[in-house]
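Shown next, in structure tokens, is the structure this report addresses.
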Amino acid sequence: MAFEAASWLIAYTYNKKGDRQTGDFQTFANEHYSAWRYAKWTLDNVGTLTNGAHSSADYDPLRDGPDAPCNAPFACVNWVELNRMERDISSVLITPTGFTHQMPYYGEQQYYELIGKYDQFSRGWDDADLRPLAQGDLPIKSNSSLFYQYAAMRAKANNYYDVASTWVSVVVVNHVVSALDAFWSATRFNKSLHADVKMRVQPTPFGVVPVTEAKIQYTF
């Protein structure tokens, strides 16, 4: 019982650490990332990104024009037009562009994930080099250090959640094995069959995680 209580406490603690880290990386993104900046840079470079098949005149992702930036929640960004432009870029087969996804709406879980995961979104970070693309620059690569810093912050949150999930799994496994042991103990094989759970903890950079070993023994 004490072991189970400790497991739940550890799981709760690391889940809360994950929540706090999530809040930290979302705040960081809100301070340093602009969907408007990304949309404008993509519009400015759509000719190169589509190998001349499209131009900036084909799209209208900026509701108030290219000289009217806005902050979160980026009401000045026309997401439908932005996503259409991204789809056209990703359909280019002659030269790989690095454009493989469409930007989710601001505030969604996928928004916070993708802006630090795929290089195509890197030009939205406020330290990014926004110089025009040349064909030799494709597929696009991040030139923003904040992009990588943010990715590390997200990874840290995910690691905290992984530790929490592992401890929850241990509680579940312990319940299952205990139930099996109780069942077997009530049968005529109670002197011969026995289930046992052993555990050791393994340190990680984000906390200790349990390694569970279930063992079933039959004695003659």
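The values are calculated or read from the model by the stated rules, or taken from the named source; none is laboratory data. What you see is a predicted model, and the numbers here were worked out from it, not measured in a lab. A quick note on method: Cβ atoms are made from the backbone with ideal geometry, for glycine too, and the neighbour counts reach across all protein chains shown.
Summary of computed values
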read-out	value
The stretch 86-139, subset over 16 Å from His54 (Cβ atoms) and of a type in the set (A, V, I, L, M), residue modelled with the lowest pLDDT	Ala134
Extreme residue, farthest from Tyr160 (Cα to Cα), among residues of the stretch 11-59 that are surrounded by 19 or more Cβ atoms within 10 Å (Cβ to Cβ) and of a type in the set (Gly, Ala, Ser)	Ala39
Matching residues, the stretch 89-121, being more than 16 Å from Arg154 (Cβ to Cβ) and aliphatic (A, V, I, L, M)	Ile89, Val92, Leu93, Ile94, Met103
Restricting the stretch 54-63 to residues that are outside any helix (DSSP H, G or I) and touching a helix residue (DSSP H, G or I) at 6+ places or on another chain (Cβ under 7 Å), the residue that is farthest from Val92 (Cα to Cα)	Leu62
Some residue of the stretch 35-45 being of a type in the set (Phe, Trp, Tyr) and farther than 20 Å from Leu133 by Cα	no
Qualifying residue in the stretch 37-51 (condition: farther than 24 Å from Leu138 by Cβ, free of Cβ contacts under 8 Å to residues at least 12 places away in the same chain and assigned to a helix (DSSP H, G or I))	no
Options Pro96, Pro66, Pro73; residue that is within 21 Å of the chain's Cα centre (by Cα), part of a loop (DSSP other than H, G, I, E, B) and either over 26 Å from Ser145 (Cα atoms) or not aliphatic (A, V, I, L, M) (or both)	Pro73
Residue ID - surrounded by the fewest Cβ atoms within 10 Å (Cβ to Cβ), chosen from residues in the stretch 99-133 that are small (Gly, Ala, Ser) and in a loop (DSSP other than H, G, I, E, B)	Gly107
Failed criterion for Gly136 (all others in (1) of a type outside the set (A, V, I, L, M); (2) loosely packed, with under 15 Cβ neighbours inside 10 Å; (3) not in a helix (DSSP H, G or I) hold)	(3)
